[in-house]
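Only one structure is covered here, and it is reproduced in the block below.
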Amino acid sequence: MSDAENIKNRASKNKFLTYFLGEEEYGVDISKVREIIAMMKITSVPRTPKYVAGVINLRGAIIPVIDTRLRFEMPPLEYTEQTAIIIIEINKVSIGFVVDKVEEVLTIDEANISEPPKFGTNINTDFIKNIARAGEMVIMILDLEKLFEAEELSMLDAMSKTN
């Protein structure tokens with residue numbers, strides 16, 4: 001690895017895009033974020049899981065969109081002017097995540113990042129990679145690769161290839 005690559009990896013290592021779902025703040029590794037867009041018309045796709053809001057046409061690319069609230073089994077909310085879609089790339093599949101409000105890009109010191117607590121076997125928290133402290137806030141850092149099963153990612157990838 002070149003010096004420039006090392007510097008770039010170190011620089012983005014603890015940078016997270018943070019967003020809110022209700023009162024909870026979440027973070028995703030900034031290197032996985034392609035872009036953030038304002039809420040736009042989502043075309044529903046029949047016979048998909050409830051958390052799949054549908055697809056959008058983003059500059060000619062069909063992007064499947066997940067309602068993140070439904071994915072986390074939270075009650076749905078009406079979209080507002082603060083609702084946004086974060087376009088994230090997971091295993092070369094672009095997916096839109098509807099979030100209540102995008103907050104900021106944070107650089108979090110390694111000392112403020114810890115393992116998530118274990119809640120027992122009944123609650124699946126494998127998709128929470130770390131817990132970070134930023135001031136008074138606690139931010140759940142998501143492990144995007146573990147957020148979806150392989151079959152779900154395959155379904156979302158197939159949705160993006162429909163013409």
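Numbers for the structure displayed
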item	result
Which numbered condition Lys118 misses (of (1) surrounded by fewer than 14 Cβ atoms within 10 Å (Cβ to Cβ); (2) within 16 Å of the chain's Cα centre (by Cα); (3) in a loop (DSSP other than H, G, I, E, B))	(2)
Condition met for Ile128 (among the aliphatic types (A, V, I, L, M), over 23 Å from Asp157 (Cβ atoms) and within 13 Å of the chain's Cα centre (by Cα))	yes
Flag for Thr48 being touching a residue at least 24 places away in the same chain (Cβ under 8 Å), of a type in the set (Ser, Thr, Tyr) and out of contact with any helix residue (DSSP H, G or I) (no Cβ under 6 Å at 6 or more places or on another chain)	yes
Where Gln82 falls short, out of the listed (1) surrounded by 15 or more Cβ atoms within 10 Å (Cβ to Cβ); (2) at pLDDT 95 or above	(1)
Matching residues in segment 46-64 - criterion: being on the phi > 0 side of the Ramachandran plot and not in a strand (DSSP E or B)	Arg47, Arg59, Gly60
Criterion (surrounded by fewer than 18 Cβ atoms within 10 Å (Cβ to Cβ), within 18 Å of Val52 (Cα to Cα) and at pLDDT 85 or above) met by exactly one of Asp157, Asp143, Asp109	Asp157
Residue count, segment 27-45 (criterion: part of a loop (DSSP other than H, G, I, E, B) and closer than 30 Å to Ala132 by Cα)	1
Close pairs (7 angstrom Cβ cut-off, 6 or more residues apart or separate chains): closer than 16 Å to Phe72 by Cα in segment 114-136, at pLDDT below 65 and part of a loop (DSSP other than H, G, I, E, B) anywhere	Thr125/Phe119
Test: residue in segment 61-75 that is surrounded by 17 or more Cβ atoms within 10 Å (Cβ to Cβ), without any contact (Cβ under 8 Å) to a residue 40 or more places away in the chain and out of contact with any Phe, Trp or Tyr (no Cβ under 6 Å at 6 or more places or on another chain)	yes
Odd one out for Asn57 among (1) more than 13 Å from Met159 (Cα to Cα); (2) free of Cβ contacts under 8 Å to residues at least 60 places away in the same chain	(1)
Test: residue in segment 77-99 that is assigned to a loop (DSSP other than H, G, I, E, B) and under 12 Å from the mean Cα position of the chain (by Cα)	no
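The values are calculated or read from the model by the stated rules, or taken from the named source; none is laboratory data. Keep in mind that what you see is a predicted model, and the values were worked out from it rather than measured. Methodologically, a virtual Cβ is constructed for each residue, glycine included, from the backbone with ideal geometry; neighbour enumeration extends over all protein chains shown.
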